[in-house]
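Q: My structure is below; once you've seen it, I'll send some questions.
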Amino acid sequence: FLGEGGLSGEVRSVAQIERRVSEAAHLGFRTCMVPRSYRKVAECSAESQVIPVRSLGEALRVLQGR
């Protein structure tokens with residue numbers, strides 16, 4: 001997970017998300033969840049699957065579907 005969880009469950013943005021996704025892929029992570037506001041990261045990452053989510057609840061639903 002790359003983002004900040006808010007008190008109401010929203011997933012907020014963090015600085016340098018592209019760099020963080022790249023480093024996570026370099027470390028062997030194959031899947032990353034990021035705030036939905038970073039949709040362009042999801043489109044440009046060939047190294048790992050990037051899943052944009054709006055809330056922690058949405059992230060849990062994605063995990064349950066795996």
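The values are calculated or read from the model by the stated rules, or taken from the named source; none is laboratory data. The model shown is predicted, which means the values in this text are computed figures rather than measured ones. Glycine gets a Cβ as well: all are built from the backbone with ideal geometry, and neighbour counts include every protein chain shown. Heavy atoms of the whole protein, side chains included, go into the accessibility calculation; ligands, DNA and RNA do not. Shrake-Rupley method; radii C 1.70, N 1.55, O 1.52, S 1.80 Å.
Q: Since GLY57 meets every condition but one in (1) open to solvent by less than 60 Å² (accessible area, probe 1.4 Å); (2) modelled with pLDDT under 90; (3) out of contact with any strand residue (DSSP E or B) (no Cβ under 8 Å at 6 or more places or on another chain), which condition does it not meet?
A: GLY57 satisfies all of (1) open to solvent by less than 60 Å² (accessible area, probe 1.4 Å); (2) modelled with pLDDT under 90; (3) out of contact with any strand residue (DSSP E or B) (no Cβ under 8 Å at 6 or more places or on another chain) except (2).
Q: Oh, and also: Being surrounded by 14 or more Cβ atoms within 10 Å (Cβ to Cβ), at pLDDT 90 or above and of a type in the set (A, V, I, L, M), is that true of even one residue in segment 15-22?
A: Among the residues of segment 15-22, not one is surrounded by 14 or more Cβ atoms within 10 Å (Cβ to Cβ), at pLDDT 90 or above and of a type in the set (A, V, I, L, M), which makes the answer no.
Q: Applying the selection to segment 4-34, what residues are touching a residue at least 40 places away in the same chain (Cβ under 8 Å) and either assigned to a loop (DSSP other than H, G, I, E, B) or β-branched (Val, Ile, Thr) (or both)?
A: Scanning segment 4-34 gives GLY9, VAL11.
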